[in-house]
1. What residue, of Gly15, Gly56, Gly92, Gly88, is in contact with an Asp or Glu (Cβ under 8 Å, 6 or more places away or on another chain), more than 9 Å from the ligand (Cβ to nearest atom) and small (Gly, Ala, Ser)?
2. I need the full set of residues from the stretch 254-270 which are modelled with pLDDT of 95 or more and surrounded by 15 or more Cβ atoms within 10 Å (Cβ to Cβ), in order please.
3. All but one of (1) part of a strand (DSSP E or B); (2) within 15 Å of the ligand (Cβ to nearest atom) hold for Val34, so report the exception by its number.
4. Considering only residues of the stretch 59-74 that are closer than 19 Å to Leu293 by Cβ, of a type outside the set (Val, Ile, Thr) and surrounded by 20 or more Cβ atoms within 10 Å (Cβ to Cβ), which is nearest to the ligand (Cβ to nearest atom)?
5. Going by the structure shown, is Asp277 under 20 Å from Ala172 (Cα atoms), within 16 Å of the ligand (Cβ to nearest atom), surrounded by fewer than 21 Cβ atoms within 10 Å (Cβ to Cβ) and modelled with pLDDT of 95 or more?
6. Hey, among Tyr178, Tyr171, which residue is surrounded by fewer than 24 Cβ atoms within 10 Å (Cβ to Cβ) and at pLDDT 95 or above?
7. Every residue in the stretch 37-53 that is part of a loop (DSSP other than H, G, I, E, B), surrounded by 14 or more Cβ atoms within 10 Å (Cβ to Cβ) and within 14 Å of the ligand (Cβ to nearest atom), please.
8. Considering every residue within the stretch 97-111, establish whether at least one is more than 15 Å from the ligand (Cβ to nearest atom) and touching a Phe, Trp or Tyr at 6+ places or on another chain (Cβ under 6 Å).
Amino acid sequence: MTKSSIYTVAVAGMGKRGMHHADAVAKNPRLRLVGLCDLSEERLDAARSKLGVSYGNPDATQMLEDTRPDVFIFCTLPHVRLPLIEAGCRAGVQLVAYEKPVATSMNEALEMQRLVREAGVKTVVSHQHRYGAHYRRVKEIIASGAIGRVHTVYGHATGWMMHMMTHLVDYASWYNDYAEPEWVVGQAAGVGKFADVHASPDYIAALVQYANGVRGVIECGEGAPDVPEVEAWWRKCRIGAQGTEGFAEVLTGGGGAGGGWRAVTRDGFMSGPGGMDYDHDMPPYIQDIVNWLDDPANVHPCNGERAFTGFQVMMAACRSAVQRGKVSLPLGPGPSELEELKRVL
Ligand SMILES: NC(=O)c1ccc[n+]([C@@H]2O[C@H](COP(=O)([O-])OP(=O)(O)OC[C@H]3O[C@@H](n4cnc5c(N)ncnc54)[C@H](O)[C@@H]3O)[C@@H](O)[C@H]2O)c1
């Protein structure tokens, strides 16, 4: 593709996140929305008139057949993944972008990965908080060496596992230069949230051993530490790294008081503002899709292979809570992690 060509995009799931995606696509001069899809006709009609898209269909497979887009984006709840990946591959799209979490089980994720690898389809998963200026500032400080040699990365959130955990793993791993995770020890508690559409234990903790010797500490759900500086409940997340000469961490924040970043480095204490903001984070996330389609060397920072590794860390924590002991990566197929976890809890 030449760098002036326009890529066509079809989007399924016109809820909160689907609208964020479609809006950012509509505003990108290199992309053109050619189709929208939602099971709810009301949502579909509202999205079509807001975005000025003539084609709408409640059936994603039909939409893909009719519009044959370069890019398929879907933003459905976690239980709808594999059939839409299959539909995208069958329709010959170049790239599928979809929402976290990657899947609801390791078996599903493995099948999704097999399909996209065999079809040569690029994938992107929406861990887009990393575009926040405060997230990036923390990365810069860590990468500059100002906190010395990193020995620990961490992330915690009060939101529960299927909402928050792969975000935390992704950003903590970013702060550790995406070293390979080798094994995970997990523990979990509480079954109340298994009834939710983001079915999860109420609380889960994971200790991660990375190949470069760094330890990861991830916690989410009820009982994870509060982030009192941040008012907005869903944004009470703290992610960072500790090194031999200090630490640097981001507080997700935004949509209320609090947020930002802070660090103690060999130069002393420093801090700054910041808050997660979809309007700020979505345009560069979408632009990086264009950049990757233009040039295979411009791999998207939220590429699916990375997300797949983070998803394995989450599933390994579930398996560890069920089986006890260390669970080594990579993971193979197995019984449904969520079902097993619910059974033992
Ligand atoms: N990355 C982030 O920052 C972030 C933030 C919030 C939510 N999410 C994730 O985004 C996903 C969607 O969340 P949401 O809040 O937008 O949900 P939502 O309920 O607002 O929207 C989902 C939409 O998908 C539609 N849908 C369901 N199945 C469909 C199908 N087979 N074909 C077409 N449409 C279908 C529903 O009718 C609904 O309109 C979830 O996986 C969630 O975890 C990510």
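The values are calculated or read from the model by the stated rules, or taken from the named source; none is laboratory data. Fair warning: this is a prediction, and the values are worked out from it, not measured in the lab. Positions of Cβ are backbone-derived with ideal geometry, glycine not excepted, and every protein chain shown enters the neighbour counts.
1. Values: Gly15 fails: more than 9 Å from the ligand (Cβ to nearest atom); Gly92 fails: in contact with an Asp or Glu (Cβ under 8 Å, 6 or more places away or on another chain); Gly88 fails: in contact with an Asp or Glu (Cβ under 8 Å, 6 or more places away or on another chain).
None of the other options fit; the residue is Gly56.
2. Gly260, Trp261, Arg262, Ala263, Val264, Thr265, Met270
3. Exception for Val34: condition (2).
4. If we take residues in the stretch 59-74 being closer than 19 Å to Leu293 by Cβ, of a type outside the set (Val, Ile, Thr) and surrounded by 20 or more Cβ atoms within 10 Å (Cβ to Cβ), then Phe74 is nearest to the ligand (Cβ to nearest atom).
5. Values: under 20 Å from Ala172 (Cα atoms): yes; within 16 Å of the ligand (Cβ to nearest atom): yes; surrounded by fewer than 21 Cβ atoms within 10 Å (Cβ to Cβ): yes; modelled with pLDDT of 95 or more: yes.
Here the answer is yes, as Asp277 does meet what is asked.
6. Sole residue among the options that is surrounded by fewer than 24 Cβ atoms within 10 Å (Cβ to Cβ) and at pLDDT 95 or above: Tyr178.
7. We begin by selecting, within the stretch 37-53, every residue part of a loop (DSSP other than H, G, I, E, B); these are 38-40, 52-53.
Within this subset, residues satisfying the condition of being surrounded by 14 or more Cβ atoms within 10 Å (Cβ to Cβ) are 38-39, 53.
Across the stretch 37-53, the qualifying residues are Asp38, Leu39.
8. Taking the stretch 97-111 first, the residues more than 15 Å from the ligand (Cβ to nearest atom) are 106-107, 110-111.
If we keep only those that are touching a Phe, Trp or Tyr at 6+ places or on another chain (Cβ under 6 Å) too, we end up with none.
For the stretch 97-111, residues more than 15 Å from the ligand (Cβ to nearest atom) and touching a Phe, Trp or Tyr at 6+ places or on another chain (Cβ under 6 Å): absent.
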